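Here is the structure we will look at.
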């Protein structure tokens, strides 16, 4: 999706960037730009977006100081004490399920380069991370470790996670905790963390109605403003994720209706961004099919769920994307 990089690869001075800056400083490698920004006396002085070069510099400074396993330990334990994530920002909700549901709506606090999607059934709740553009390997790992290692720590149940997929690859919790980003290669595969819903439905002993109201009154307006600022490409991918979670159609008419616009208008806006609905839908189908095929090999059912009339169409798409050996 190279035509959308300028629109969808932004990171903000949000929870993840703050956490990375704080970690770099604790490791003895403070970033001048981070100290300058974080010491601003006015919220108006904070930058709306973070340069990708600055973000990579923070990661490089951290990576050269970490010992094996320390990256996972930070997101699984230390970040709860020293720096925020979108999940800790929602920690005042009445139940753990509501913490997860609230946090899953907040991907735009961190970046417009990916989208969270929440799916629930009677036994599980799953958060899927759909990259809008290819993310570097360390960004994938950071997001998944926050969720699969940090959130269970917040809940206080280390058996909360049932399964993990990191950029299209299954991981055990032990593997994830020990994992270090070995390269800055870019990956477009989706990630997913599946939780035990029975544990999530337990009451949150640290719930605070007043703190939840304060957090919501600050966060919700910012999220609404950021969503209005997003490209048509981002809005289409978010609509596809929402439709997929709800079992709704993935066709262009349905997505345009959800976005309160006409099909022709949506097509025109995507063209301005160097994109097309068919290209965006193909990427989303590859991401979603990759996750579903890890759980079942029922090509017929997966094809129908993704809006195909035949299995052949899905197999051809996956073959063209290099996702399936033939």
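Computed quantities for the displayed model
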| item | result |
| --- | --- |
| Hits in region 190-201 (condition: in contact with a helix residue (DSSP H, G or I) (Cβ under 6 Å, 6 or more places away or on another chain) and either more than 23 Å from residue 138 (Cα to Cα) or at pLDDT below 95 (or both)) | 200, 201 |
| Per-region count, region 262-275, residues assigned to a loop (DSSP other than H, G, I, E, B) and surrounded by 16 or more Cβ atoms within 10 Å (Cβ to Cβ) | 2 |
| Qualifying residue in region 277-296 (condition: closer than 14 Å to residue 132 by Cα and surrounded by fewer than 18 Cβ atoms within 10 Å (Cβ to Cβ)) | yes |
| Yes/no for residue 307 being surrounded by 15 or more Cβ atoms within 10 Å (Cβ to Cβ), part of a loop (DSSP other than H, G, I, E, B) and in contact with a helix residue (DSSP H, G or I) (Cβ under 6 Å, 6 or more places away or on another chain) | no |
| Residue ID - surrounded by the most Cβ atoms within 10 Å (Cβ to Cβ), chosen from residues in region 57-83 that are within 20 Å of residue 109 (Cα to Cα) and modelled with pLDDT under 85 | 79 |
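Yes/no per residue for (1) more than 25 Å from residue 194 (Cβ to Cβ); (2) modelled with pLDDT of 95 or more:
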| residue | (1), (2) |
| --- | --- |
| 220 | yes, no |
| 228 | yes, no |
| 238 | no, yes |
| 253 | yes, yes |
| 283 | no, yes |
| 286 | no, yes |
| 300 | no, no |
| 310 | yes, no |
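Yes/no per residue for (1) touching a residue at least 12 places away in the same chain (Cβ under 8 Å); (2) assigned by TED's automatic domain parsing to the domain that holds residue 280; (3) more than 17 Å from the chain's Cα centre (by Cα):
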residue	(1), (2), (3)
36	no, no, yes
49	yes, no, yes
61	yes, no, yes
82	yes, no, yes
88	yes, no, no
123	yes, no, yes
126	yes, no, no
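The values are calculated or read from the model by the stated rules, or taken from the named source; none is laboratory data. Keep in mind that this is a model prediction, so the values were computed, not measured. A quick note on method: Cβ atoms are made from the backbone with ideal geometry, for glycine too, and the neighbour counts reach across all protein chains shown.
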